[in-house]
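Engineer: Have a look at the structure that comes next, please.
The values are calculated or read from the model by the stated rules, or taken from the named source; none is laboratory data. Quantities reported herein were computed from a predicted structural model and do not represent experimental measurements. Here the Cβ positions follow ideal geometry from the backbone for every residue, glycine too, while neighbour counts run over all protein chains shown.
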Protein chains: 10
Amino acid sequence: MTTQSIGGKPTAQPTKTLETFENPNQARDFHIHMEIPEFTCLCPKTGQPDFAIIYLDYIPDQTCVELKSLKLYMWSFRDEGCFHEAVTNTILDDLIAATQPKFMRVTAKFYVRGGVFTNVVAEHRKAGWQPLPRVELTQFESQSNIRG
Amino acid sequence: MTTQSIGGKPTAQPTKTLETFENPNQARDFHIHMEIPEFTCLCPKTGQPDFAIIYLDYIPDQTCVELKSLKLYMWSFRDEGCFHEAVTNTILDDLIAATQPKFMRVTAKFYVRGGVFTNVVAEHRKAGWQPLPRVELTQFESQSNIRG
Amino acid sequence: MTTQSIGGKPTAQPTKTLETFENPNQARDFHIHMEIPEFTCLCPKTGQPDFAIIYLDYIPDQTCVELKSLKLYMWSFRDEGCFHEAVTNTILDDLIAATQPKFMRVTAKFYVRGGVFTNVVAEHRKAGWQPLPRVELTQFESQSNIRG
Amino acid sequence: MTTQSIGGKPTAQPTKTLETFENPNQARDFHIHMEIPEFTCLCPKTGQPDFAIIYLDYIPDQTCVELKSLKLYMWSFRDEGCFHEAVTNTILDDLIAATQPKFMRVTAKFYVRGGVFTNVVAEHRKAGWQPLPRVELTQFESQSNIRG
Amino acid sequence: MTTQSIGGKPTAQPTKTLETFENPNQARDFHIHMEIPEFTCLCPKTGQPDFAIIYLDYIPDQTCVELKSLKLYMWSFRDEGCFHEAVTNTILDDLIAATQPKFMRVTAKFYVRGGVFTNVVAEHRKAGWQPLPRVELTQFESQSNIRG
Amino acid sequence: MTTQSIGGKPTAQPTKTLETFENPNQARDFHIHMEIPEFTCLCPKTGQPDFAIIYLDYIPDQTCVELKSLKLYMWSFRDEGCFHEAVTNTILDDLIAATQPKFMRVTAKFYVRGGVFTNVVAEHRKAGWQPLPRVELTQFESQSNIRG
Amino acid sequence: MTTQSIGGKPTAQPTKTLETFENPNQARDFHIHMEIPEFTCLCPKTGQPDFAIIYLDYIPDQTCVELKSLKLYMWSFRDEGCFHEAVTNTILDDLIAATQPKFMRVTAKFYVRGGVFTNVVAEHRKAGWQPLPRVELTQFESQSNIRG
Amino acid sequence: MTTQSIGGKPTAQPTKTLETFENPNQARDFHIHMEIPEFTCLCPKTGQPDFAIIYLDYIPDQTCVELKSLKLYMWSFRDEGCFHEAVTNTILDDLIAATQPKFMRVTAKFYVRGGVFTNVVAEHRKAGWQPLPRVELTQFESQSNIRG
Amino acid sequence: MTTQSIGGKPTAQPTKTLETFENPNQARDFHIHMEIPEFTCLCPKTGQPDFAIIYLDYIPDQTCVELKSLKLYMWSFRDEGCFHEAVTNTILDDLIAATQPKFMRVTAKFYVRGGVFTNVVAEHRKAGWQPLPRVELTQFESQSNIRG
Amino acid sequence: MTTQSIGGKPTAQPTKTLETFENPNQARDFHIHMEIPEFTCLCPKTGQPDFAIIYLDYIPDQTCVELKSLKLYMWSFRDEGCFHEAVTNTILDDLIAATQPKFMRVTAKFYVRGGVFTNVVAEHRKAGWQPLPRVELTQFESQSNIRG
Ligand SMILES: [Ca+2]
Ligand SMILES: [Ca+2]
Ligand SMILES: [Ca+2]
Ligand SMILES: [Ca+2]
Ligand SMILES: [Ca+2]
Ligand SMILES: [Ca+2]
Ligand SMILES: [Ca+2]
Ligand SMILES: [Ca+2]
Ligand SMILES: [Ca+2]
Ligand SMILES: [Ca+2]
Ligand SMILES: [Ca+2]
Ligand SMILES: [Ca+2]
Ligand SMILES: [Ca+2]
Ligand SMILES: [Ca+2]
Ligand SMILES: [Ca+2]
Ligand SMILES: [Ca+2]
């Protein structure tokens, strides 16, 4: 029997609180990219589960978002009803509130519904912040370090 | 025998009406990307079926297009004769009429005809709307969350 | 306006008749592989369109199936209600009836429905026919003939 | 605000009941492949969510599993604690009980945990059933029907 | 015997004439992309066959190039001697003469010769025409609509 | 002007003669795989060009086929009318006649016609020849030796 | 400053002890596949770090290897000198000692050294154990559940 | 027994010293891209190993970084505790100190932790240095030089 | 015996002379891309062979580089000692001297050394030459013209 | 100037001697796979360079081939004239002579010549040696450990 009640004390709980730590190099505009593939919520119309992969790109100011709390935050949507367009904006709003970044972009790629694929991209720029002009270099694609 | 008349009441009908819902974050220019892989129409010259995949990229203003009606709208071309270049522009026109977006791009990728592949890309910008200057970040390609 | 009634005489009609031609090398068991990416029918429950890609692998006996009639045959399902498992078996039955092959395999890969992907594989062997034991060689994957 | 209580009547409920329909071609051993990418359960030790993609390959006997109920069955694990190895075997057991297939294989590919990827494959053969010897043909890889 | 003289009346002939049709949306700058993978000519030095894939990207003005005549035009090079750099420019010149586009780019990717791969890209802009500034959106890569 | 008459003496001519050289290790059953991507002939019905990629896999006996003559042999089909199924068998017949191999397989992958892709595989075994039983090892996929 | 002494109590230690748990379905021969991408040891000749990805495929008998202890076991090689061929056999030996499986295969793919890539595959079968004859089905390749 | 003490004199030692050589073309702004796939350090919280691939893109001024010392420098993090965001900035700082480049970008792609993937990108521009405006050409993707 | 002295007169010799031909369309800024995958030289420190793939992108002015002499030029490095950064700049210098192009970029991707991959990109612009502003179109990725 | 005479004492020389070391687990039939991407020789007809990637798969008996000497052995062909089919058999012969393996397979994939790609596969089995019957498991394809 695979199904069983959850024994003992859970090691963690879903949370709306996003913890942060001090940006180790506040003088430099650098870019943090995170992928959180384990997002699920409920469809507000039908109550059925929805799934997405969430991508976070940001340039921190004074704080960075802590990885483990980011994971628990994503877990917090598991039993909530969420529309695709709205939840992407909400995640961005919550991350802005927690970290006050110079720049932040949230990309949500939802699993197919009705034969249609939907992705949503929302971003925020701190008032007065300007990106450095991009230095465009030839880009090279990575490959595996091993064979096979 | 696989063929059978369609029993009972169909659950939906093709339609030219595109339903919309209120944009949940009208203050922010955000990007919605949708892929509708199940487009088919007829060749106006020969009457034979044509196939394409339709991609929609837009920045909503006050309304977003509703996913299910978008699907039924695409179905509405099933028995119509359509030239590649024209139908792409028509889909864009209909979506503009329904949603009045800040920006919209329709990309149609048609299946091969006569050994030639044809894609058509058409877009629209709301009068006076300007995109925010793009913040160019290093881009990372997603991979599978599983192995195999 | 992209939509228009189909003018003049259509150049072809959907058909249930599969035309054949004489196998040019009946002494040799050889393998013909065909891919027909433009299959669509209707869901018998809901009346909504379904889509699939059909693959045909066979070892002909006295006749081969003619490419153009195969295409028109696939078109004939456009307005019929078909269950996934049943239509795959029906296509195989019809191709057997037309060509009486030594061996035939039909593979149907349906587009996602309800978040679930379904493929069906059905095959037939002529009574008394035995495949030659396979000579297993190292296999090499093809790449593009051009760069970019 | 993206979070909202689920309004009205949900259109469906998770269920342990797997519905079936009559195999349309019981005389032929044919192969049905299904992919269910939206599986999630809980870790029995920590209570945290786990994710997997489930693959089903089977040769039906008298009944086939119905797609929609299969989806609702997979949903039923959402709030249950499951070990990787055990849940894969349970899913196989439940599908055997429902459909009594000639052959069935369940493959579960779990998302990474502790930097380790785990896949589990379990299969069942009906007593006395023998597969036809495989006709080995050259295999060809599908590509996109469109360009780009 | 596979070789045979061509029986009856050929259905089409190679031609240097590029037929056009009226652009269905002349008010909008839209993009047409065509791929013609079946280009072959002769090496002017050795008389041996050369092969390439030709890509056409253009923004039409008053006319669009007709697909079938484009194919017959490409066929017209089959028995001609052509240098890589020159033939790419000639194709562009002929397409400009036929369609007077706002913008046009011809890309030719030649098969390897002497272990070296050569691609040639040539483009034309109508006097006074300016492209709209590009709206840069996150780009998403398409995948197959089926599994396998 | 790209088109020009072919000047001087062509360096080579298409030919039906396949040259061979002595197998350097006749005691060992070894496997030679060749890919000839530049095959074109004419459709016997319409006179229009057809294209294919030809793959040759063989285990030589006393002679091997010489690469350059193989290329000129493939060129010899350029102005001939050929059906897909027939030409594949003819190429195999001609290569058998020239090299009398222990084993030979010809695979022809034709470019799309009427939206349908066709591949043909034909093979030959010398009377009395038996392949060694295959030693099945784990297979590893190659990657690029460079980055990017 | 990124470098810092490790504060507090480490949460885990490398270990040579492989923990196990009871096989949840001992009546069925099922297959567990694990990938451990974070293997590093030292070159016994030069003392420099070596890297590999370790793959484990096994059919458990009475016990399964516990994921977390497997990770800590792999960590235990971090400061040891190991030859490629030897360490792969040692890992297999240790896993056999811990779990006494019906079948086990260890595959190690080492990072390039001297421009040469090396993979090692070693396996073990329990005395008297026979695999069930494989049911060969058409195989389908997974793709992403999302677009982009 | 795979484990053994490291015999004799190690051929090299990890080092914080980055050696350089004179830039062979100081008049030209050119781009050097290096990939160092063998980076490992320790998690400062748990003491457990972390892994990453490090990418270096730079435009040298008077000196270039020497490949072998770069490798030994990366080795120097093997027993140090490092946070993802901080170590990426430290590597950039050290490389700037050693080479005083016109431009430098360090990209670190860390292995998954807690189901979350993290990449960090940091860059530096010499005071007063301006990149040449990029000449944007059509880009072509490389493929393998061999078949299979 | 595979090794043999080279018989007769070699058909070609390595050379430092790059031959050119007249640019067939000097009025138009067009782009020529060439890939030369067969570059090898010697490491100046150790005398051991090095390998790279060389990519050439240029906009010709009055002359184009001739393909065959380009190949023989690349051969000329076979017995020379070359540092990665220096040889890339030298190839660019030699090609500039021969063709005086409007624009030229040389990209060298070297095979792994010491576990590190190195690519070098160098470019040249003719004094006073300005690229036309790029017309940015949607880009489409090519796929194979065949199946399998 | 990139070209320079090779200074000092070369660190290694090409050699026909293949060094070996004792097989660390002679009781077990295990599989070693090696990829040597840096093979070049000369065409015996024209004297021009040829290139290939060499793959080695073997089951050692009492000795294994030493990686560094394998590399130097491959270097030894750099100035020799070699036919494709012959050199592959010679490499296999030399490796057999050096290691007396239970089983060995050499695969050579040559770069394109005359538009034709050639691969050669040759193998050897020790007299009386039988492979264990293969345990066929579901195979899973590896992916990158990082994102991007
Ligand atoms: Ca990797
Ligand atoms: Ca792989
Ligand atoms: Ca996925
Ligand atoms: Ca392929
Ligand atoms: Ca590509
Ligand atoms: Ca694509
Ligand atoms: Ca498709
Ligand atoms: Ca595929
Ligand atoms: Ca390569
Ligand atoms: Ca690439
Ligand atoms: Ca895959
Ligand atoms: Ca992707
Ligand atoms: Ca490959
Ligand atoms: Ca391509
Ligand atoms: Ca191709
Ligand atoms: Ca990538």
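Engineer: Just to be sure before I move on: is C:N119 within 16 Å of ligand 7 (Cβ to nearest atom) and either within 14 Å of chain H (Cβ to nearest Cβ) or on the phi < 0 side of the Ramachandran plot (or both) in the structure I sent?
Structural biologist: Considered against the rule, which asks whether it is within 16 Å of ligand 7 (Cβ to nearest atom) and either within 14 Å of chain H (Cβ to nearest Cβ) or on the phi < 0 side of the Ramachandran plot (or both), C:N119 comes out as yes.
Engineer: (1) within 16 Å of ligand 16 (Cβ to nearest atom); (2) surrounded by 16 or more Cβ atoms within 10 Å (Cβ to Cβ): which one isn't true of F:E141, the others all being true?
Structural biologist: Here F:E141 meets the rest and fails (2).
Engineer: Only residues that are away from ligand 5 (no atom under 16 Å from the Cβ), closer than 21 Å to I:N145 by Cβ and in contact with a strand residue (DSSP E or B) (Cβ under 7 Å, 6 or more places away or on another chain): list them for region E:112-147, please.
Structural biologist: E:T118, E:V120, E:N145, E:I146
Engineer: Follow-up question, since we're still on this one. Considering only residues of region C:113-136 that are of a type in the set (A, V, I, L, M) and modelled with pLDDT of 95 or more, which is surrounded by the fewest Cβ atoms within 10 Å (Cβ to Cβ)?
Structural biologist: Among residues in region C:113-136 that are of a type in the set (A, V, I, L, M) and modelled with pLDDT of 95 or more, the one surrounded by the fewest Cβ atoms within 10 Å (Cβ to Cβ) is C:A127.
Engineer: Could you list, ordered by first residue, the pairs with Cβ atoms under 6 Å in which the first is in region F:122-148 and more than 19 Å from J:V106 (Cβ to Cβ) and the second is among the acidic types (D, E) and more than 16 Å from ligand 3 (Cβ to nearest atom), at least 6 apart or interchain?
Structural biologist: Within 6 Å, the pairs are F:R147/H:E35; F:G148/A:E141.
Engineer: Could we say that E:T90 is among the β-branched types (V, I, T), without any contact (Cβ under 8 Å) to a residue 12 or more places away in the chain and surrounded by 20 or more Cβ atoms within 10 Å (Cβ to Cβ) here?
Structural biologist: It is true that E:T90 is among the β-branched types (V, I, T), without any contact (Cβ under 8 Å) to a residue 12 or more places away in the chain and surrounded by 20 or more Cβ atoms within 10 Å (Cβ to Cβ).
Engineer: Please verify whether region H:28-41 includes one or more residues that are in contact with a strand residue (DSSP E or B) (Cβ under 8 Å, 6 or more places away or on another chain), within 7 Å of another protein chain (Cβ to nearest Cβ) and surrounded by fewer than 17 Cβ atoms within 10 Å (Cβ to Cβ).
Structural biologist: yes
Engineer: Can you name every residue in region H:101-113 that is touching a Ser or Thr at 6+ places or on another chain (Cβ under 7 Å) and farther than 19 Å from A:L67 by Cβ?
Structural biologist: Answer for region H:101-113, where residues must be touching a Ser or Thr at 6+ places or on another chain (Cβ under 7 Å) and farther than 19 Å from A:L67 by Cβ: just H:V106.
Engineer: Restricting to region F:131-148, count the residues that are within 25 Å of the chain's Cα centre (by Cα) and basic (K, R).
Structural biologist: 1
Engineer: May I pose another question? Can you find, within region C:100-112, the residue that is surrounded by the fewest Cβ atoms within 10 Å (Cβ to Cβ) among those that are hydrophobic (A, V, I, L, M, F, W, C), within 16 Å of ligand 8 (Cβ to nearest atom) and within 16 Å of the chain's Cα centre (by Cα)?
Structural biologist: The selected residue is C:A108.
Engineer: So, one more: Would you please list the contacts, defined by Cβ atoms under 7 Å and residues six or more apart or on different chains, that run from a residue in region C:101-114 that is at negative phi and more than 9 Å from chain E (Cβ to nearest Cβ) to a residue that is of a type in the set (V, I, T) and in a loop (DSSP other than H, G, I, E, B)?
Structural biologist: These pairs meet every condition: C:F103/D:V135.
Engineer: Among the residues of region G:43-63, are any surrounded by fewer than 16 Cβ atoms within 10 Å (Cβ to Cβ) and more than 9 Å from chain H (Cβ to nearest Cβ)?
Structural biologist: yes
So that you can scan it fast, the table gives a plain yes or no per residue for (1) touching a Lys or Arg at 6+ places or on another chain (Cβ under 7 Å); (2) modelled with pLDDT under 95; (3) over 21 Å from H:G148 (Cα atoms):
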residue	(1), (2), (3)
F:K16	no, no, yes
F:E19	no, no, yes
F:E35	yes, no, no
F:T46	no, yes, yes
F:L70	no, no, no
F:C82	no, no, yes
F:D93	no, no, yes
F:A98	no, no, yes
F:T107	no, no, no
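Engineer: Among the residues of region G:12-33, count how many are closer than 15 Å to G:Y73 by Cα and either touching an Asp or Glu at 6+ places or on another chain (Cβ under 8 Å) or of a type in the set (V, I, T) (or both).
Structural biologist: Residues that pass the stated criteria total 6.
Engineer: Also: Test I:A98 against the stated conditions and say whether it is away from ligand 9 (no atom under 16 Å from the Cβ) and more than 8 Å from every other protein chain (Cβ to nearest Cβ).
Structural biologist: Yes: the conditions hold for I:A98.
Engineer: Taking the options A:S69, A:S76, name whichever one is free of Cβ contacts under 8 Å to residues at least 60 places away in the same chain, over 30 Å from H:E141 (Cβ atoms) and more than 16 Å from ligand 16 (Cβ to nearest atom).
Structural biologist: A:S69
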